[in-house]
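Working notes for the structure below.
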Amino acid sequence: MTLNPTLLSPTPEEPLLALGNEAFARGAIEAGVQLATGYPGTPSTEIMETLIEAAPVLGFSAFWSVNEKVAFDVATGASFSGARALVVTKHVGLNVAADSLMQLNLVDIAGGLVIISVDDPGGISSNNEQDNRLYAKMAEIPALEPSTLEEARELTRRAFEISESLKVPVLIRSVTRLAHMTSALTLGTIEAPHKKPHFDSSRQWSPFPPLAPHGRLQKKLRQAAGMLDAFGVDTWESNGTERLGIAAAGFAYNYAREAVDRLAVNNRVALLKVSSVNPLPRALIRKFLEPLDRVLVVEDVAAYLEEGLLLEAAAMGKLVEVRGRRSGALPSTGETLPDDVVDALDALVEGTPPRLPGEAAKPASIPNRQISFCSGCSHRTTYYALAQAFDNLGINDPIVVGDIGCYTLGFFPPFNILQTMTSMGASMGTAAALAELNPHRKVIAVIGDSTMYHAGMPGLLQISHQRLPVTVLVMDNSVTGSTGQQPHPGSWQNSDARTLVPIEDLGKAYGLPYVRVVGSFQLKKLPGILEEALSSDGPAMVVSRQACALEPSEIGRRAIVATIDEALCDGCLACIDEFGCPAFVPAADGLGKIEVEALQCTGCAACKFICPPEAISFVRRDSPPT
Amino acid sequence: MSAHEPFDLIIAGVGGQGSLFASRVIAQAALLEGISVRVAETYGVAQRGGAVFSQIRLGYDVCGPLIPKKTCPLILGLEPIETLRRATMYLAPGGEVVLNTNINAPLETKMGRQPSLDLPTIRTELERLGAGSIEEVDALAVALEAGGAATANVVMLGVLSSVDTFPLSYDAVVKSIEKTAKAASLPNNLLSLARGAGR
Ligand code: SF4
Ligand code: SF4
């Protein structure tokens with residue numbers, strides 16, 4: 001993404017059009033952030049992308065870390081130096097950093113340390129929909145949940161203030177729909193540069209022994225309640241006569257307000273917006289609950305606020321019916337949807353039990369669009385070569401362990417080759433046990449370059465150390481591809497100031513007896529090398545390397561285009577059914593032959609050898625594709 | 001239009017058609033007119049050719065970014081199959097559809113392995129869903145006349161800005177394009193917009 005220069009303007013201007021993620025970035029800038037880091041992950045990526053572009057202009061430090069734990073520890077070092085530090089992660093990334101979070105929370109930090117976690121309700125681009133508000137509860141740290149772009153910016157600033165004055169990390173929970181919502185953003189003023197970093201050696205920076213720090217942490221949380229109350233981030237809209245209420249957490253407030261407006265029940269329903277996740281605003285919740293008989297709670301994923309209300313009602317000795325995700329008034333899985341909230345509120349107003357929303361019927365007649373690798377993608381040729389290697393060696397029951405990245409599309413046609421995929425880097429450990437317990441089968445672990453650096457390395461070390469017969473196939477496209485081509489420690493796209501650490505050097509250093517690097521488009525060579533690796537009895541590593549087709553320097557680079565000789569093409573469909581480059585389409589004449597869509601073809605020439613009657617050749621093109 | 005007269009709009013298309021640019025232009029135009037705007041984009045992975053779906057909500061005081069089912073008064077269809085997909089779920093009875101007639105069928109359909117949909121069928125289906133009007137435009141042909149296939153999306157924006165119920169003015173859309181488009185492609189974009197709007 002390209003930086004909108006207005007985001008850097010020192011003083012408020014006219015409102016600008018911005019993405020939710022840009023609003024968070026601006027909030028950090030306004031707070032005078034000195035170091036920002038994270039690991040790419042949809043839907044959080046644009047926060048760091050914005051900060052990385054802003055950093056050199058404004059003179060702070062922003063960069064990608066190898067994984068979220070490293071990012072968290074880097075931010076820890078910054079905070080220990082008195083600098084304001086930001087960690088950006090998608091929800092599952094905080095699992096990787098959780099070990100650090102659960103111990104740093106007990107340390108009196110110096111510079112403000114804020115974690116922005118973008119959760120993905122419904123798992124729109126994730127393997128799960130975990131609710132990271134629960135981390136705030138477990139770590140006993142203050143947490144905030146904004147409902148608009150304005151609040152995203154403002155609460156990020158506030159989070160730094162709270163963190164620094166109470167010397168405790170603060171979590172901000174966002175969700176996909178806020179992160180990727182475009183709307184107007186009003187800017188605040190950028191704070192004057194923060195104090196110069198200085199590490200104080202006169203004290204110790206550790207929670208050990210943890211008992212006293214735990215008590216201090218709980219005291220900080222009580223103080224946070226007062227600060228949050230003073231900031232007025234939570235609101236209560238009531239005329240004092242309602243018996244019904246709707247309580248909404250963070251972004252879900254928008255759905256709650258809209259439902260109230262749509263049903264035109266503004267005079268009958270009290271409305272509570274809760275942006276302080278931890279601690280919950282207990283006094284305000286009591287005021288809200290006091291006159292009510294029934295409440296609907298709207299929130300994303302967990303029944304966090306719903307349970308908070310139930311507890312508070314119990315503590316008050318108050319009988320009130322609390323409906324929400326826990327009670328079944330709203331679906332207990334998936335993102336909050338406007339129609340569900342309207343139905344549940346309608347039922348509350350009428351006093352009837354809610355109609356549970358059914359699945360929207362999908363008309364069978366509308367054809368689906370299957371996603372596939374881009375044209376010119378190196379993963380396609382690598383899987384093609386792997387299938388060939390299996391064929392050539394007569395391996396018909398391989399175990400192919402996958403990992404997280406674009407190459408996960410290997411689960412789908414035409415390859416249908418992957419069999420497992422869990423968390424980042426999990427392919428290594430999973431493959432280790434599969435090889436040990438299935439000694440008569442070939443085990444291949446497929447992992448991307450960025451995923452290997454992120455969390456694959458410890459597992460790779462284990463495979464090597466235990467001498468397990470796993471073929472580690474690294475799909476190295478030189479960037480973190482699926483999130484938009486961010487650089488990592490093996491990317492040549494890095495500046496000269498960084499040391500490149502190629503994957504094959506890791507393999508060698510870890511003692512793998514067989515390590516080979518080959519170009520992904522080299523379909524004359526790649527299958528043979530994979531066969532060698534598969535035939536060896538110890539661990540082996542094959543690095544299949546070719547830059548991501550969407551890497552800017554790749555786009556429009558080649559001045560040729562594939563073409564199909566109609567006279568030679570016999571309509572066998574190998575190019576579609578075995579290879580599947582989207583540039584191949586049925587020829588317009590409808591005679592069952594294939595042609596190349598010139599605008600789709602990148603000219604990568606990877607398809608040179610895949611056509612049995614050799615109908616594919618290449619010609620110069622006048623204008624390269626864009 | 002007052003800031004409190006809400007209006008929803010959906011843009012349906014496939015990757016590579018410039019539907020994200022189109023929704024950006026509308027959002028920017030709304031901002032220029034002082035009308036509140038919230039846009040939610042749904043798109044697949046980075047790849048080309050996936051379904052792209054933008055929900056644009058104008059003039060609300062507070063609202064979520066998602067449009068409730070069967071309530072959308074206007075759909076800008078950059079691709080007919082995608083238009084029908086979204087209309088099935090979101091089009092309000094009597095809602096309007098502005099439709100680019102150039103079908104971009106998924107590969108499996110081109111291969112004859114999935115049902116295909118032709119324009120007359122799509123038209124009948126939209127009518128069955130209760131579409132109040134369907135305005136068909138061969139945006140590609142208009143764009144080619146105006147200077148290139150790449151601005152078919154802007155031709156459609158032109159058609160959109162001439163729809164009576166659409167709350168943003170043609171001038172705001174022009175100003176927004178001037179702000180949003182790259183300088184080199186600006187003349188082409190403005191010409192395509194004018195052609196689409198019949199100016
Ligand atoms: S984004 Fe890159 S890695 Fe992902 S499918 Fe496209 S070319 Fe392949
Ligand atoms: S050269 Fe072949 S494989 Fe590469 S993009 Fe063109 S058609 Fe696809």
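The values are calculated or read from the model by the stated rules, or taken from the named source; none is laboratory data. These numbers were taken from a predicted model, which means no experiment stands behind them. We place every Cβ from the backbone using ideal geometry, glycine too, and count neighbours over all the protein chains shown. In case anyone asks, the SASA skips ligands and DNA or RNA and just uses the protein heavy atoms, side chains included. Shrake-Rupley method; radii C 1.70, N 1.55, O 1.52, S 1.80 Å.
List of remarks:
- Shape call, the protein assembly as shown: gyration tensor on alpha carbons, a/c limit 1.5: oblate
- Net charge over other residues, Cβ less than 12 angstrom from the Cβ of A:E566 (K, R count +1; D, E count -1): -3
- Structural descriptor for the stretch A:367-440: relative contact order 25 percent, calculated from alpha carbon pairs under 8 angstrom and at least 6 residues apart.
- A straight line joining the Cα centroids of the stretch B:83-125 and the stretch A:80-122 runs 46 Å.
- Among the listed pairs A:K196/A:K219; A:K137/A:K273; A:K137/A:K195, those with a Cα-Cα distance over 27 Å are A:K196/A:K219; A:K137/A:K195.
- For the stretch B:7-196, the carbon plus sulfur part of the accessible surface works out to 53%, probe radius 1.4 Å.
- Whole-number percent relative contact order across chain A, with pairs defined as alpha carbons under 8 Å at least 6 apart: 10
- Above 16 Å, the calculated P(r) of the stretch A:196-238 contains 63 percent of its Cα-Cα pairs.
- In the full protein context, chain A carries 40 Å² of accessible surface per residue, based on a 1.4 Å probe and ignoring ligands, DNA and RNA.
- Across chain B, counting alpha-carbon atoms alone, Rg and Dmax equal 15.9, 49 Å.
- Relative contact order, whole percent, for the stretch A:235-350 stands at 31, derived from Cα pairs under 8 Å and 6 or more residues apart.
- Summing charges over neighbours of B:I103, with a neighbour being any other residue whose Cβ is under 9 Å away from its Cβ, gives -2 when K and R count +1 and D and E count -1.
- From the C-alpha gyration tensor of the stretch A:134-233, square roots of 5λ in Å: 28, 18, 13
- Overall dimensions of the stretch A:175-283 as given by Cα atoms, namely Rg and Dmax in Å: 20.2, 62
- Per residue, the stretch B:7-196 exposes 36 Å² of accessible surface when a 1.4 Å probe is rolled over the protein heavy atoms with every protein chain present.
- Taken residue by residue and averaged, Cβ atoms of other chains lying within 10 Å of the Cβ of A:179-186 number 6.
- Within 10 Å of each Cβ in B:30-39, the average number of Cβ atoms from other chains: 4
- Within-10-Å neighbourhood charge of B:A40 [Cβ basis; K, R +1; D, E -1]: +2
- For the segment B:114-125, counting C-beta atoms of other chains within 10 Å of every residue's C-beta and taking the mean gives 2.
- For the protein assembly as shown, the share of DSSP beta bridges that are antiparallel, to the nearest 5, is 35%.
- Here the sum of -39500 (n - 2.57) over DSSP H runs of 4 or more residues, divided by the residues of chain A, equals -10000 deg cm²/dmol at 222 nm, to the nearest 500.
- Euclidean distance between Cα centres, the stretch A:375-410 to the stretch B:136-187, Å: 43
- Each chain gives up part of its surface: A and B jointly bury about 3900 Å² of accessible area, both sides summed, for a 1.4 Å probe.
- 0 to 90° range, to nearest 10: angle between helix A:149-166 axis and chain A longest Cα axis: 70
- Accessible carbon and sulfur surface of chain A relative to its total accessible area, %, 1.4 Å: 55
- Sum of -39500 (n - 2.57) over DSSP H runs of 4+, divided by residues of chain B (222 nm, nearest 500): -11500 deg cm²/dmol
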